[in-house]
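Asks: Please see the structure below; I have some questions.
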Amino acid sequence: MIFRPDREDLKVIGHYLGIITMSLTAVMVVPLLVAIATWEPDDVTALLIGMAVAIGLGQFLRTRLRTTRELEWSHGLVTVALAWILATMVTAIPLYLSGHFSSYFDATFDAMSGYTTSGLSLLQDLDHLSAPMNLLRHLTHLAGGQGIVVAVLTIMTSAGSQISTLYVGEGRDDRIVPSIIQTARFIWVVTAFYAVVGTTALWITARLAGFSDGRALFHAFNIFIAAFDTGGFTPNSTSMAYYHSAPMETVVLVLMIAGTLSFGMHYMLWRRRTREAALNLELRSLATTMTMTAMIVVFGLVRAGTFDSVDNLYRKGIMTLVSAHTGTGFAFNAGALYESDWGLIAPAGIVIAMALGGMASSTAGGMKAMRVGLAAKSLARDIRRSIMPDAAVVMSGYTGKRRQVLRDGVVRPAVTILVLYMMMYLGGAAVGVFYGFDLTTALFESTSAAANVGLTSGLLAPDNPLPLKTVYWVQMWLGRLEFMAAFALIGWTWALLRARV
Amino acid sequence: MLLAPSVDDVKAIIRASATGVLVFSLGIALLAPVALVLGEANAATALLVGAAPAVAMAVLGRRIPTSSLRLTWTRAIVTATTTWIACACVAAVPLYLSGHFVGVDAAFFDAVSGVTNTGHSLVADLDHLPRSLVLLRSWMEVAGGAAFLFVGQSLLEARRALATSLTPGDTMGEHVMPGTGKGLRRTWRTIAALGITGVVGVGVALSVAGVPLASLPITTISLVAAAATTGGFIPNTGAVGAYHSVVVEFMLVVLMLGGATSVGVLAAAARRQHDRIRNDFSFQVYVGMLAAVLAGTMVGLARAGTFEAVVPVARHGIFSAVAAVTTTGLSTVAPELFISDFGVLAPAALVTGMAVGGMLGSMSGGFSTLRMGLLAKGVISDVRKVLQPEGAVSRVGWMRLGRREVLTDAHVRSAATTVMLFLIGILAGATVLLWADGRIALRGALLTATSAIGNVGLDVGVLEPGQAWYVTTTFTILMLLGRLQWLGIFAAIGFVVAIVQGRR
Amino acid sequence: MTTPRTRHRLLIAGFIAALAVIGIGVQWSHDAAPRVPLDVVPAGAEDPESVEARTLTCERTLPDAPTRDLEEVEPVGRVSSEAVNSCPDAFDGQVVVYYGEVVGDVLQRDGGAWTLVNDDAYALTLGPLSGHGDFEGGNSGLAVWLPGQLATLADEPGNADRRGDVLRVNGVVRRADPEDGGGLTLRAIQAEVVFEAQYLETPVNRVQALVAAVFTLVAIGVVVWDRRLRARR
């Protein structure tokens, strides 16, 4: 067969998983400090338990499973796939102990949602959640968004060649600068820059909105993370509608778009290569689809009579659309309104935007603009070929990092993954319908989960049947990994079981 | 840069189209005396008003001199498109004059529906439609279906002549026709034999079911045409269930299955090459889809509690599943029940079957089992590539009637392109419906749009005689796009654009 | 002497045992969380008939539908946020009575204040979740605009440690409030505090503290063990 995993392979994977698990303490340490500062003893002990498990387990794996074997591509994929699951299960411990989840599974759901920067939530009574726990939820966006893997790799400077396998397994497959370490560091620098600027801007607008200093900072920081990492968690239950603040929404708009741009694009903008950026296929694809879906949403809202003023259409319609397309998932009104108040066409536009997703190699989810762009170009080429006289040879090109010829070899994997996403959206919807939910809401929720968006139509609730919740859980995981790493895990496990190691 | 087509190209296309239109119009003209015999004077004159000018123009068209009769790919595609549209225009005339259509757009809709073997109808008061016009509807289906098969073969001949003009995995001309003239004739003989058996069999079954002798011929022809061409026009309201006969339904099922089987497989069957058929990839997917949709439908019906006992579930389940997968669109129950009474799983299975459709190279629609299979193979092989140790490479293949083909990136890309286009068509159609009438449920809109672009013709009560003109137009276009597999329309549009703007 | 195979089996068994211990510890801590429920807020009964009648007529407002003459419509009585959210169109422009707990922050600006007022179980009946541990789903509420003097009415909004001030609001529902960019709001005409903020007096979860201490010691132990192994090498 394909794999023949042996003990050494297990060790390699386990070793790196150990490292990643240990790094989870970084996610929990800031909430712990806040909990100590504001003296919430139960939160302190809950976080301590989480950190202890992370360190103990991680250290054990790392020490016990030391090996000389090098990390190969297949190891990398499997490690990444497992890393998300392991991180989820460990982070779920303090979340569960907060008492806001009716089961440990629900807590893992939120943790998975956080790390995959989705934003769907099974947490109950969010409006009475303590600040440290709220912060923990948002920090999972930061950790997951910047890539658990990448984060660890900047801290540890291991041998260069081993690292690239883990990075590619993430679902990001363009290296921005030649060295992986430098790429990772660049990502952090950009993040830090936006963090400072973004949080400050949000803090100012929050103060203007009526928050006190401390509360403004709390909200500013959390919203920044959720926006830039295209996550979607918010400190309160009504999401962005809580703030009623147009200035804040504007800052968030900028951050969401910044968050959906790939880091390659950030690099181009950083280096002022604006002309190159303008020719980039992904950016053009994203701009095109965003404009088209925005039009659908606006027309749909007007047709249904939901909004009739430009201001309303912008602040509710367009903002929701951008939130959906970038994969953030901030809501600007209650989810039930999509069904009761928005007609059918506007929500359809939202679903399409969610399905398409943001740019590849960013924190956004969905099919990704690069694939959509390649598929569209391929389609255009086929159309041109059917028009051209028979002897002509039709070549098509596109601009990624540089001008390239559009080959079938590039189109095919893009199209394969497009199909897989489509099947996932429809499959999840089918399960929702199976459990008695309406087709429109089931499709909405399934797409939101699989594309890591986080907008909810109200379908997802703690009292959903467990299989349905599990389906969404798996969809968030698969969507984030863009299938390949997950398939590698499945295939590898299968081979392992057969080899009876 | 577009090169403008030469005058020669245009002439060749007109000439080729004229032949097709001539055959079609003669058929319509021949229905006029039939109408007189049936005592339908107005229908007779209506038929002549439509057919006569068309015959005249076609005859003139065939006289156009051209220097080359070379059948290039572009010419063939554009010819096909123009022929279909022209024939639909011709047929629309008698339909409109019958007074049973709200507007010209509705009549044209029905005409297109007939020649593309779809089966949707905007006819008002079907039960009082002159019988000769019912025959007209059947003639449209037969002509459209036969033309589709014939065009496919012609393109295949052209392909052999110009080896580079068709990329592998592209639309018509896909299937293998072993041998030329003799093989062709044998295939047509097979199909004719099946047709005659069908007519006899269905005729007998209908008379046993109690259909009076007077209306037997027309009813038989109508149903056989509908089933064998996978069209779906019914002679009376009440669908196939009106006959309450298992035998009739069984015969129609057989005909539908035949209609959705590719010509290549039928030819191989005639030559008793059973092995080749069994191994043929497209055929395997076809059988697989049938099984899956059948299972899904029956399980769904059972769960929804639509029918009380096992036998009705099997009977209606089998018929609906076959009608969906073969893109015929006949039904044994009242159409509205699909939305209201079949639960959720059964319609979902049926829609999936409708979207995929039958085999490529048959008269059915949908994006075809071959493309579905190639896409699936492509995805699976990509997944397996992920699991290979670095450096290993494998060649994936598939069997096409005894010949082994290699799965290339081009195949996968082409299949995916068609699937995407279909999906876009479905979304566009559904959006238009929802825009027109906010009361339509999403399920009904999606089902109807899929039915249109897949040339199925399953009416669930959404498309009604009083539809807005833009709905009718959109769906007319969708049916044409589906039949001509999109690229035909693009080629035609491109051709026209090139004439207008291209440089020589 | 143990064979490598036995050692591995022991290792795996030990690993599973460790997981079990973690699981038990976590679950024990979770279940041992002390519960101190709060009083139920005395709020008026809803007017179910009127509310139901409205939600039954929930339809999309199409541009050519006739506009209602607002003065002619009777006041609705008390509504729940759930009813209003499920069919905003049915309540648009209606004067309603609404009871709920102010949560989060009171955003004072522009001559008034924006508040989020919840009327779910955590607000009116059971109180914040960590106090009682009964799961009742997510939060549900309405955005309430308190104009002028009313802005300072609620000075203790709810958070993790307390149930906030409970208000009784008399106001107009706006389905697409232009001052909120089209959002669904309740514009208060009159409001009063019917129940003052109540603090949760929950004691520290001792079991959890114990488990935390034990786990932390074990974790430190593992790290020390690792350091020793490295030093030896």
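The values are calculated or read from the model by the stated rules, or taken from the named source; none is laboratory data. This structure is a prediction, so every number in the text was calculated from the model and none was measured. With ideal geometry, Cβ positions are generated from the backbone for all residues, glycine too; neighbour counts draw on all protein chains shown.
Asks: Which of the residues that make up region B:252-274 are more than 14 Å from B:ALA324 (Cα to Cα), in contact with a Ser or Thr (Cβ under 9 Å, 6 or more places away or on another chain) and of a type in the set (A, V, I, L, M)?
Replies: Listed by number, the residues that qualify are B:VAL263, B:VAL265, B:LEU266, B:ALA267, B:ALA269, B:ALA270.
Asks: So is A:ALA376 within 12 Å of chain B (Cβ to nearest Cβ), at pLDDT below 90, in a loop (DSSP other than H, G, I, E, B) and more than 20 Å from the chain's Cα centre (by Cα) or not?
Replies: On the way: within 12 Å of chain B (Cβ to nearest Cβ): yes; at pLDDT below 90: yes; in a loop (DSSP other than H, G, I, E, B): no; more than 20 Å from the chain's Cα centre (by Cα): yes.
When the stated conditions are applied, A:ALA376 does not pass them.
Asks: Suppose the filter is over 17 Å from the mean Cα position of the chain (by Cα) and not hydroxyl-bearing (Ser, Thr, Tyr); does B:ALA291 pass it?
Replies: On the way: over 17 Å from the mean Cα position of the chain (by Cα): yes; not hydroxyl-bearing (Ser, Thr, Tyr): yes.
For B:ALA291, the condition - over 17 Å from the mean Cα position of the chain (by Cα) and not hydroxyl-bearing (Ser, Thr, Tyr) - is met.
Asks: When region B:334-363 is examined, which residues are found to be at pLDDT below 80, more than 14 Å from every other protein chain (Cβ to nearest Cβ) and not in a helix (DSSP H, G or I)?
Replies: Within region B:334-363, B:ALA334, B:PRO335, B:GLU336, B:ASP341, B:GLY361 qualify.
Asks: When region C:112-126 is examined, which residues are found to be in a loop (DSSP other than H, G, I, E, B) and at the interface with another protein chain (Cβ under 10 Å from one of its Cβ atoms)?
Replies: C:ASP120, C:LEU126
Asks: Given the conditions (1) under 19 Å from A:GLY373 (Cα atoms); (2) among the acidic types (Asp, Glu); (3) in a loop (DSSP other than H, G, I, E, B), and given that A:GLU282 satisfies all but one, which numbered condition is not satisfied?
Replies: Only one criterion in (1) under 19 Å from A:GLY373 (Cα atoms); (2) among the acidic types (Asp, Glu); (3) in a loop (DSSP other than H, G, I, E, B) is unmet by A:GLU282, namely (3).
Asks: So, restricting to helices (runs of 4 or more DSSP H) that lie completely within region C:46-111, which ones have at least 2 residues that are at pLDDT below 60?
Replies: Output list reads C:48-56.
Asks: Here's another thing I want to ask about it. For region B:450-472, give me each residue that is surrounded by fewer than 24 Cβ atoms within 10 Å (Cβ to Cβ) and of a type in the set (Gly, Ala, Ser).
Replies: Those that are surrounded by fewer than 24 Cβ atoms within 10 Å (Cβ to Cβ) and of a type in the set (Gly, Ala, Ser): B:GLY461, B:GLY466, B:ALA468.
Asks: Another one. Mind listing whichever residues of region A:305-332 are β-branched (Val, Ile, Thr) and within 14 Å of A:GLY349 (Cα to Cα)?
Replies: A:ILE318, A:THR320, A:VAL322, A:THR326
Asks: Could you tell me whether C:LEU129 is more than 27 Å from A:THR306 (Cβ to Cβ), facing chain A (nearest Cβ under 9 Å) and free of Cβ contacts under 8 Å to residues at least 12 places away in the same chain?
Replies: Here the answer is yes, as C:LEU129 does meet what is asked.
Asks: Identify all residues within region B:119-154 that are within 27 Å of B:ARG185 (Cα to Cα) and hydroxyl-bearing (Ser, Thr, Tyr); write none if there are none.
Replies: B:SER138, B:SER154
Asks: Could you list, in sequence order, all residues of region B:94-141 that are among the β-branched types (Val, Ile, Thr), in a helix (DSSP H, G or I) and at pLDDT 90 or above?
Replies: Our first condition is that a residue be among the β-branched types (Val, Ile, Thr); within region B:94-141, this holds for B:102, B:104, B:112, B:115-116, B:118, B:123, B:134.
Pick out the ones that are also in a helix (DSSP H, G or I) and you get B:104, B:112, B:115, B:134.
B:VAL112, B:VAL115, B:VAL134, listed by residue number.
Asks: Kindly list, by first and then second residue, each pair from a residue in region C:85-108 that is in contact (Cβ under 8 Å) with a residue 24 or more places away in the chain and closer than 24 Å to A:SER340 by Cβ to a residue that is among the β-branched types (Val, Ile, Thr) and in a helix (DSSP H, G or I), limited to pairs with Cβ atoms under 8 Å and residues at least 6 apart or on different chains.
Replies: Close Cβ pairs satisfying both conditions: C:SER86/C:THR55; C:CYS87/C:THR55; C:ALA90/C:THR55; C:PHE91/C:VAL84; C:VAL96/C:VAL84.
Asks: A follow-up question, please. Being in a helix (DSSP H, G or I) and aliphatic (A, V, I, L, M) is the filter here, so list the residues in region A:324-355 that pass it.
Replies: Listed by number, the residues that qualify are A:ALA324, A:ALA336, A:LEU337, A:ILE345, A:ALA346, A:ALA348, A:ILE350, A:VAL351, A:ILE352, A:ALA353, A:MET354, A:ALA355.
Asks: A follow-up question, please. Quick one: would you say A:PHE263 is more than 11 Å from chain C (Cβ to nearest Cβ) and at pLDDT 85 or above? Spell out how you get there, then give the answer.
Replies: Working: more than 11 Å from chain C (Cβ to nearest Cβ): yes; at pLDDT 85 or above: no.
No.
Asks: Out of the residues in region A:327-377 meeting the condition of being more than 27 Å from A:ARG412 (Cβ to Cβ) and hydroxyl-bearing (Ser, Thr, Tyr), tell me which one is surrounded by the fewest Cβ atoms within 10 Å (Cβ to Cβ).
Replies: Across region A:327-377, the extreme among qualifying residues is A:SER340.
Asks: What are the residues in region C:125-149 that are modelled with pLDDT of 90 or more and at positive phi, if any?
Replies: C:GLY148
Asks: Where in region B:401-498 are the helices (runs of 4 or more DSSP H), entirely inside, with at least 2 residues that are more than 14 Å from chain A (Cβ to nearest Cβ)?
Replies: The helices (runs of 4 or more DSSP H) meeting that bar are B:442-453, B:469-483.
Asks: Tell me the residue from A:GLY317, A:GLY300 that is of a type in the set (Gly, Ala, Ser), modelled with pLDDT of 90 or more and either surrounded by 24 or more Cβ atoms within 10 Å (Cβ to Cβ) or touching a Cys at 6+ places or on another chain (Cβ under 7 Å) (or both), please.
Replies: After ruling out the rest, the residue left standing is A:GLY317.
Asks: Which residue out of A:THR399, A:THR440 is on the phi < 0 side of the Ramachandran plot and modelled with pLDDT of 85 or more?
Replies: Of the residues listed, the single one that is on the phi < 0 side of the Ramachandran plot and modelled with pLDDT of 85 or more is A:THR440.
Asks: When residues of region A:432-447 are filtered for being of a type in the set (D, E, K, R) and facing chain B (nearest Cβ under 9 Å), how many remain? First the steps, then the outcome.
Replies: Let us first name the residues in region A:432-447 that are of a type in the set (D, E, K, R), namely A:438, A:445.
Then keep just the ones that are facing chain B (nearest Cβ under 9 Å); that gives A:438.
Number satisfying all stated conditions: 1.
Asks: Follow-up. Out of all the residues in region C:92-135, which are surrounded by fewer than 19 Cβ atoms within 10 Å (Cβ to Cβ) and within 29 Å of C:PRO203 (Cβ to Cβ)?
Replies: C:THR125, C:GLY133, C:ASP134
Asks: Here are B:ALA260, B:ALA309, B:ALA304: which of them is buried (at least 17 other Cβ atoms within 10 Å of the Cβ) and modelled with pLDDT under 90? Reasoning before the result, please.
Replies: On the way: B:ALA309 fails: buried (at least 17 other Cβ atoms within 10 Å of the Cβ); B:ALA304 fails: buried (at least 17 other Cβ atoms within 10 Å of the Cβ).
After ruling out the rest, the residue left standing is B:ALA260.
Asks: A follow-up question, please. Given (1) modelled with pLDDT under 90; (2) part of a helix (DSSP H, G or I), where does A:THR306 come up short, assuming only one miss?
Replies: (2)
Asks: In region C:186-225, which residues are in contact with a Phe, Trp or Tyr (Cβ under 8 Å, 6 or more places away or on another chain) and either facing chain A (nearest Cβ under 8 Å) or closer than 15 Å to A:GLY50 by Cβ (or both)?
Replies: C:VAL211, C:VAL222 - these are the residues of region C:186-225 that are in contact with a Phe, Trp or Tyr (Cβ under 8 Å, 6 or more places away or on another chain) and either facing chain A (nearest Cβ under 8 Å) or closer than 15 Å to A:GLY50 by Cβ (or both).
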